[in-house]
Amino acid sequence: MPPTDPSLARRYRRLLRCYPREWRQARATEVISLLLDTAPTGRTRPTVRETADLVRAGLRCRLGRPASRTVVAWAALASVICGLFAGALASRAAWETSRPQPDRAEAGAILTEVFPGHDLGDIDTPPALFVVYGQPLSLRNVKTVLLGDGGEYQESATGAAAFGAPPVPAEQIVTVARQRLTDAGWRVYDPEVTGGTSCADKLCATPLAITETSLVARHGDTILNASVSSQTALDATYLAVEVHRAPPPAVAPAGVLGALLGAVAGWLVFGWASRRTEGRRVSGAASVLFGTTMVLWWLPVLLAAPQLLEHHLRESHPAWHPLWEWLGQPVASLLFLVGAVCALLALGLAAAPRRDRSPVALVD
């Protein structure tokens, strides 16, 4: 088969899509001819090395600024953070495939089975899958999320509580609950026990040592969180239980797919803006705006991710915290919005008409 086989030329042309359009219009035919001339007889596909070289050089060419030593690093930062935000948004959308939170009948059956003999009172059911201070996110409370209280945006849960002194020792409550959960097919995690003090009177003349035991279990897509206290005050809670759903199966693949698409889009948009502002007066302003965006978007991630990782390693978790919490969102949503405004302004400068069109350089 001759080296000018049409299928090989088509595959080379597809790889050259990694380059910007202006470059392809000026150089694609010449490069394809060179590649075909050097290909051995009978080849129908580009080699792995050719593919890697063309993709790498094409992505670099999309950034422009061939003399810059930092543009690749900035593009990587933009690509990764855009991928993370896109993945978080996609995973949140996938949460909508979750079953509703347990209703009173389902929660009541679980509580009766696991905590027999305890008066847990009324069972509270949530109004939505995710809530802010117990209420669905809406225009009325969006200000709460944006102005520093974004940590209250959390998955809801169906809950109940028992008040007063525990009828039996707290250790016995935990032991019985673990056994009943295990017998019912739940996966029970090791309980976490913390110590503290309580007061026997208003003046707290006689401090009392108390323990707080956190019990976590999972069965299918249902997670149970219980807190058992050894306190004896009549107006305090000795048993609090919440039942909620685990992340649905669609969350992980949706997050991964959204992250990949977001990263690619971030690289392409950054490259477009970089080429559009190269050698123009607006280049400095666009760079400042872009740098501000990166600081405002990356700072919450660098602060939140290590803390959440330590939290996961220290405590039992049947499910990981949502991806947006690892990005410091929506706690730092105001920083994200300010960064988004800066990014839009930088893109606006890039989109402004330009008089000169510099020739596209070939990146080796």
**Request:** Report the charge-dipole magnitude of the chain in Debye, nearest 20, computed about the Cα centre from +1 at each Lys and Arg Cβ and -1 at each Asp and Glu Cβ.
**Result:** 3180
**Fill in**
Here the residues of the range 316-355 lying in the modelled label zone of Leu303, meaning backbone nitrogen under 13 Å from a point 7 Å along Cα-to-Cβ, are 327-336
**Asked** By how many degrees, between 0 and 90 and to the nearest 10, does the Cα long axis of helix 6-15 differ from the longest principal axis of the chain?
**Response** 60
**Asked** Are there trypsin sites (Lys or Arg not before Pro) in the range 211-305 that DSSP puts in a loop and that have at most 13 other Cβ atoms within 10 Å, and which ones?
**Response** Arg281
**Request:** Averaging over all projection directions, find the projected area of the Cα convex hull of the range 136-267 and quote it in nm² with one decimal place.
**Result:** 12.8
**Fill in**
Taking Cα pairs closer than 8 Å and at least 6 residues apart, the relative contact order of the range 184-300 in percent is 14
**Prompt:** Taking Cα pairs under 8 Å and at least six residues apart, what relative contact order does the range 232-364 come out at, in percent?
**Reply:** 34
**Fill in**
Here the net charge surrounding Asp221, from other residues whose Cβ is less than 10 Å away from its Cβ (Lys, Arg +1; Asp, Glu -1), is +3
**Helix 283-314 vs. the chain, principal-axis angle (Cα, 0 to 90°, nearest 10)** = 40
**Prompt:** How many angstrom lie between the C-alpha centres of the range 141-200 and the range 241-290?
**Reply:** 37
**Request:** Determine, from the Cβ-Cβ distance of Ala285 and Val168 and an R0 of 56 Å, the FRET efficiency 1/(1 + (r/R0)^6), rounded to the nearest 0.05.
**Result:** 0.20
**Prompt:** What's the extension gain from Ala105 to Thr29 if we count 0.36 nm per residue and subtract their Cα-Cα distance?
**Reply:** 20.4 nm
**Item:** Prolate/oblate/rounded call for the range 257-315, Cα gyration tensor, a/c under 1.5 rounded
**Value:** oblate
**Fill in**
Here the FRET efficiency for Asp235 versus Thr194, based on Cβ atoms and R0 = 22 Å and rounded to 0.05, is 0.55
**Request:** Could you work out how far helix 21-38 tilts from the main Cα principal axis of the chain, as a 0 to 90 degree angle to the nearest 10?
**Result:** 70
**Prompt:** For the chain, what's the relative contact order in percent, using C-alpha pairs closer than 8 Å and at least 6 residues apart?
**Reply:** 22
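How high is the FRET efficiency from Ala73 to Lys143, r the C-beta distance, R0 51 Å, rounded to 0.05? Write out the running numbers ahead of the final one.
Details: r = 36 Å, r/R0 = 0.71.
The pair Ala73/Lys143 has a calculated efficiency of 0.90.
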**Rounded if a/c under 1.5, otherwise prolate or oblate - the range 73-121, Cα gyration tensor axes** = prolate
**Message:** What is the sum of charges, Lys and Arg at +1 and Asp and Glu at -1, for the other residues whose Cβ falls under 12 Å from the Cβ of Val131?
**Reply:** -3
**Item:** Cβ-defined net charge surrounding Leu313, 15 Å radius [Lys, Arg +1; Asp, Glu -1]
**Value:** -3
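Throughout, read-outs are computed from the coordinates displayed, never taken from laboratory work. Here the structure is a predicted model, which means the values were calculated and not measured. All Cβ positions, even for glycine, are placed from backbone atoms using ideal geometry, and neighbour counts span all protein chains on display.
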